[in-house]
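The values are calculated or read from the model by the stated rules, or taken from the named source; none is laboratory data. Predicted model only: the values in this text are computed from it and were never measured. So basically every Cβ, Gly included, is an ideal-geometry build from the backbone, and we count neighbours across all protein chains shown. Note: areas computed on protein heavy atoms with side chains; ligands, DNA, RNA excluded. Shrake-Rupley method; radii C 1.70, N 1.55, O 1.52, S 1.80 Å.
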Amino acid sequence: MALGNDTDPKLAEYTHPDRLVTTEWLAAHLGAANQGSDGLVVVESDEDVLLYDTGHIPGAVKVDWHTELNDPVTRDYVDGTRFAEICGERGITRDTTVVFYGDRNNWWATYALWVFSLFGHPDVRILDGGRAKWQAEGREMTTEQPKPEVVEYPVVERDDATIRAFKDDVLAHLGQPLVDVRSPGEYSGELLHMPDYPQEGAVRGGHIPGAASVPWARAAAEDATFKPRADLEAIYQQEQGLAPDQDVIAYCRIGERSSHTWFVLTHLLGFEHVRNYDGSWTEWGNAVRVPIATGTERGSAAG
Amino acid sequence: MSLPPQLAELVEEFSEVGPRDRLQLLLELSRELPALPERYADAAHSMEQVPECQSPLFLAVEVEPVEVDPDRAVHLFFSAPPEAPTTRGFASIMHTGLDGESAADVLAVPDDFYTALGLAQAVSPLRLRGMVAMLARIKKQVRAAAG
């Protein structure tokens with residue numbers, strides 16, 4: 001392993017502190033990253049496809065999930081061959097420490113990290129606070145595009161069983177813990193019924209029966225960092241009754257917001273078996289004869 | 001397809017370059033989006049939100065009264081934050097292409113004109129839905145004002 005961990009005390013409280021770095025840590029390690037010598041590559045992953053081009057952390061490369069991490073034809077992620085190209089072009093080897101950051105409370109950064117985790121990339125980390133905190137602290141930004149030397153990345157088969165769930169997995173899982181991370185209006189189903197507004201892409205509104213409603217951004221603090229461990233435990237464990245030894249599936253509309261929650265439950269709170277259902281509501285809400293609950297109650301799949 | 005001349009010119013510019021340069025064009029346009037006049041300073045209350053855009057976007061449409069301008073020229077105003085350059089770029093396409101055109105010409109813009117920009121590959125179809133919604137809302141407001 002090329003790089004040591006950030007020993008920041010807030011991070012140390014989380015189950016896997018090695019999955020996060022602070023802005024201080026990154027600033028201190030950037031010089032080496034720019035020389036490409038110590039195995040660190042910083043990756044920006046944003047909702048906005050142009051944001052990186054307006055200015056980014058020096059040396060950082062960009063990954064766009066819409067146009068790069070998704071397969072262009074099938075609704076799926078890229079395969080091992082394409083993933084190897086994406087990494088190789090960015091100077092990422094299998095031994096590289098990859099630090100992700102992005103806009104909107106690291107929403108898309110955690111999504112990119114989750115996709116990298118499908119391919120089992122060993123050392124993936126999130127910049128706590130993401131782009132917003134880096135900028136708020138007045139740290140250096142540049143529009144200069146790095147030109148990484150192309151390196152070899154092995155073709156690794158994607159593991160779709162461990163941290164990813166498909167519709168059939170969810171059907172088999174009904175009755176066990178689910179977390180719906182969408183907004184309350186999407187959860188209850190009322191958002192699909194607003195007059196004069198184009199549909200969101202699902203013909204039915206509501207949630208998967210039994211799902212707890214925990215909008216993803218509740219895990220983020222004002223400054224876009226993750227909330228301290230005690231606050232997260234208060235939400236997911238005390239308030240919602242989830243436990244780290246449970247089998248949990250998180251979902252949203254297309255699986256992006258729920259990858260943020262997947263990261264929180266897995267790496268910050270140490271839940272052992274969390275899967276992200278990336279088909280999410282755009283699949284479930286369009287599927288024939290799957291059970292749906294409406295309103296603010298969790299509902300149950302029985303009967 | 002009959003497009004207002006400025007919009008037709010933009011479509012031509014986009015179609016003449018490859019996907020990467022289309023993104024650069026969009027970035028340049030995002031920088032050219034005019035600032036809001038004072039009367040729209042409080043965007044959230046005085047303008048219509050476009051929730052289909054992934055980032056917050058507000059728009060306002062003014063149509064010249066018929067006694068001032070028999071062609072009913074349309075004026076467009078947009079508010080989108082700097083951290084949403086793609087949304088700003090879309091708004092800037094609308095502004096550059098449609099501001100000052102007559103109500104009839106704005107209403108005649110085909111709803112699928114954006115496909116000719118060739119942005120689906122560079123930006124993704126999902127993100128483009130924001131632009132579709134923007135045009136739909138502009139037309140709706142023009143229709144209501146020009147009645």
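When restricted to residues that are buried (at least 22 other Cβ atoms within 10 Å of the Cβ) and within 14 Å of chain B (Cβ to nearest Cβ), the stretch A:53-63 contains 2.
Of the numbered criteria (1) assigned to a loop (DSSP other than H, G, I, E, B); (2) open to solvent by less than 30 Å² (accessible area, probe 1.4 Å), the one A:E222 fails is (2).
Scanning the stretch B:99-127 for residues that are closer than 21 Å to B:V61 by Cα and not in a loop (DSSP other than H, G, I, E, B) yields a count of 8. Of everything listed in (1) modelled with pLDDT of 95 or more; (2) within 18 Å of the chain's Cα centre (by Cα); (3) open to solvent by less than 40 Å² (accessible area, probe 1.4 Å), the single unmet condition for A:K227 is (3). Listed conditions (1) within 14 Å of another protein chain (Cβ to nearest Cβ); (2) farther than 22 Å from A:E222 by Cβ; (3) outside any loop (DSSP other than H, G, I, E, B) are all met by A:C87, apart from (1). In this structure, A:E89 does satisfy being out of contact with any strand residue (DSSP E or B) (no Cβ under 8 Å at 6 or more places or on another chain), farther than 18 Å from A:W262 by Cα, among the charged types (D, E, K, R) and touching a residue at least 40 places away in the same chain (Cβ under 8 Å). Only one of the numbered conditions (1) open to solvent by 40 Å² or more (accessible area, probe 1.4 Å); (2) modelled with pLDDT under 95; (3) not in a loop (DSSP other than H, G, I, E, B) is not met by A:E233, and that is (2).
Within the stretch B:107-147, if we keep just the residues that are among the basic types (K, R) and buried (at least 17 other Cβ atoms within 10 Å of the Cβ), the residue that is farthest from the other protein chains (Cβ to nearest Cβ) turns out to be B:K139. Whenever a residue of the stretch B:45-74 is within 12 Å of chain A (Cβ to nearest Cβ), its partners that are open to solvent by 50 Å² or more (accessible area, probe 1.4 Å), lying with C-beta atoms within less than 6 angstrom and at least six residues away or across chains, give the pairs B:E52/B:R129. Could you go through the stretch B:61-78 and let me know if any residue there is open to solvent by 50 Å² or more (accessible area, probe 1.4 Å), out of contact with any Phe, Trp or Tyr (no Cβ under 9 Å at 6 or more places or on another chain) and β-branched (V, I, T). Yes, the stretch B:61-78 contains a residue that is open to solvent by 50 Å² or more (accessible area, probe 1.4 Å), out of contact with any Phe, Trp or Tyr (no Cβ under 9 Å at 6 or more places or on another chain) and β-branched (V, I, T).
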